[in-house]
Amino acid sequence: MESPKRIGILTGGGDCPGLNAAIRAATKTAIQEGYQVTGIRNGWKGFFDKDYETLDYIRTSGIIDRGGTILGTSRVSPLAVENGPELVLEEVRKLELTALIVLGGEGTLTVSYEMFKKGLPVVGIPKTIDNDIKGTDYTIGFQTAVEIATEALDRLRSTAESHHRVMLLEVMGRNAGWIATYAGMANGADAILIPELPLNLDWLCRMLINRKEKGINFSVVVVAEGTVVEGKTIGGEYYESGDIKRKLLGGIGKVLGDIIMKRTGLETRVSSLGYIQRGGTPVAYDRSLATCFGVKAISMVNQHKYGEMTAIKGDKITSSPLSEVAKGIKTVPMEVYKIAQRFFG
Ligand code: F6P
């Protein structure tokens, strides 16, 4: 009798809400279609550590609403490890994997594309709170991050109003302003500052003062972590992403808050949402998108659509080539930003 075919699944890069829903959907669908499923623990690192686990119905039951990833994750890239690609391909052969499903952001999916070119039968699933992946309208995790950031902005507005302050919220998103734009629009923020646009400090400070002069004694501003202030992106140490090192962003809120306070004299307070955006329960949209992507990934394996990833375009669950991801990040369309901009100040 022929032994069942086997699929591997890994989650790489930063975690986000909805990963477990996708692991559940892909695993259960694969089993229904006659595959066995192996989880590779902690991203690509699992191949080097030979850290694997069997995924089955029991292991993937009751996790659709759980944040994080049951498989663990890491930012280790095979391209940054000596003989990394060869070692991964050898492990894939030893594990007898028909295909590998990789849940990743821009870095991990770009690595997946490189690995595909080296012979890995890979199908990607795009996930990241940043929503900056080309080839798909939305990524798993984005909507949850927007909900969390919107709630934070709503809460900040009420305390801003009580104390007659400027409240500044720093959100994540790396070099794209998706979270800031959508949360800021949903909150009716007085300014949304994103990396896609040059930061006009004169305009910002004048707008805040104008509000006060009009008798509106509070303001809410949201700033994306990658926004350039006085020619600099604010951040700290470097981390591996794919085969490149990236600066860990964060801290623009504090820098900008000090500038605003100094230039306007308005009492300004800063909050940084940080990893709260990435943890916890996924909203319904992310669970459903993750479920659609998990099921789609298995059908792509059945059709040998390797070197591609699942995607949503309009209302269609479809696929896009991983080569598109490797072309660079997807930034916020100006038509959308301009809608939010109408309500500034
Ligand atoms: O890509 C997701 C993200 O949360 C970014 O928004 C943020 O800049 C980065 O990851 C933080 O990375 P790390 O988890 O390595 O600190």
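Among the criteria (1) more than 16 Å from the ligand (Cβ to nearest atom); (2) surrounded by 23 or more Cβ atoms within 10 Å (Cβ to Cβ), the one Arg165 does not fulfil is (2). Against the conditions (1) in contact with an Asp or Glu (Cβ under 6 Å, 6 or more places away or on another chain); (2) small (Gly, Ala, Ser); (3) away from the ligand (no atom under 16 Å from the Cβ), Ala176 satisfies every one except (3). Sub-6 Å Cβ pairs linking a first residue in segment 273-298 that is among the charged types (D, E, K, R) to a second residue that is assigned to a loop (DSSP other than H, G, I, E, B) and away from the ligand (no atom under 14 Å from the Cβ), at least 6 apart or interchain, are Arg287/Ile64, ordered by first then second residue.
Just need a number here: residues in segment 122-143 that are of a type outside the set (Gly, Ala, Ser) and either more than 8 Å from the chain's Cα centre (by Cα) or not in a loop (DSSP other than H, G, I, E, B) (or both). I'd like the intermediate steps shown before the answer.
First, pick out the residues of segment 122-143 that are of a type outside the set (Gly, Ala, Ser): 122-123, 125-134, 136-140, 142-143.
Filter once more, so that each one left must be either more than 8 Å from the chain's Cα centre (by Cα) or not in a loop (DSSP other than H, G, I, E, B) (or both): 122-123, 125-127, 133-134, 136-138, 140, 142-143.
Here the count works out to 13.
Counting the residues of segment 272-321 that are in contact with a helix residue (DSSP H, G or I) (Cβ under 7 Å, 6 or more places away or on another chain), more than 16 Å from the ligand (Cβ to nearest atom) and of a type in the set (Ser, Thr, Tyr) gives 5. Quick one: in segment 144-155, of everything that is surrounded by 24 or more Cβ atoms within 10 Å (Cβ to Cβ) and within 15 Å of the ligand (Cβ to nearest atom), which residue is farthest from the chain's Cα centre (by Cα)? Checking each candidate, the answer is Ala149. Can you confirm whether Glu196 is of a type in the set (Asp, Glu) and in a strand (DSSP E or B)? It is false that Glu196 is of a type in the set (Asp, Glu) and in a strand (DSSP E or B). Of the residues in segment 16-34, none is without any contact (Cβ under 8 Å) to a residue 40 or more places away in the chain and within 16 Å of the ligand (Cβ to nearest atom).
Contact map, segment 221-241: residues that are free of Cβ contacts under 8 Å to residues at least 24 places away in the same chain and near the ligand (Cβ under 9 Å from one of its atoms) paired with residues that are assigned to a loop (DSSP other than H, G, I, E, B) and among the small types (Gly, Ala, Ser), Cβ distance under 8 Å, separation 6+ or inter-chain. Pairs shown: Gly235/Gly250; Gly235/Gly251. Within segment 103-124, the set of residues being over 20 Å from Met172 (Cα atoms) and within 15 Å of the ligand (Cβ to nearest atom) comprises Thr110, Val111.
Read-outs: derived from the displayed coordinates by stated rules, not from any lab. Remember, it's a predicted structure, so these values are computed and weren't measured experimentally. Note: ideal-geometry Cβ built from the backbone for every residue, glycine included; neighbour counts use all protein chains shown.
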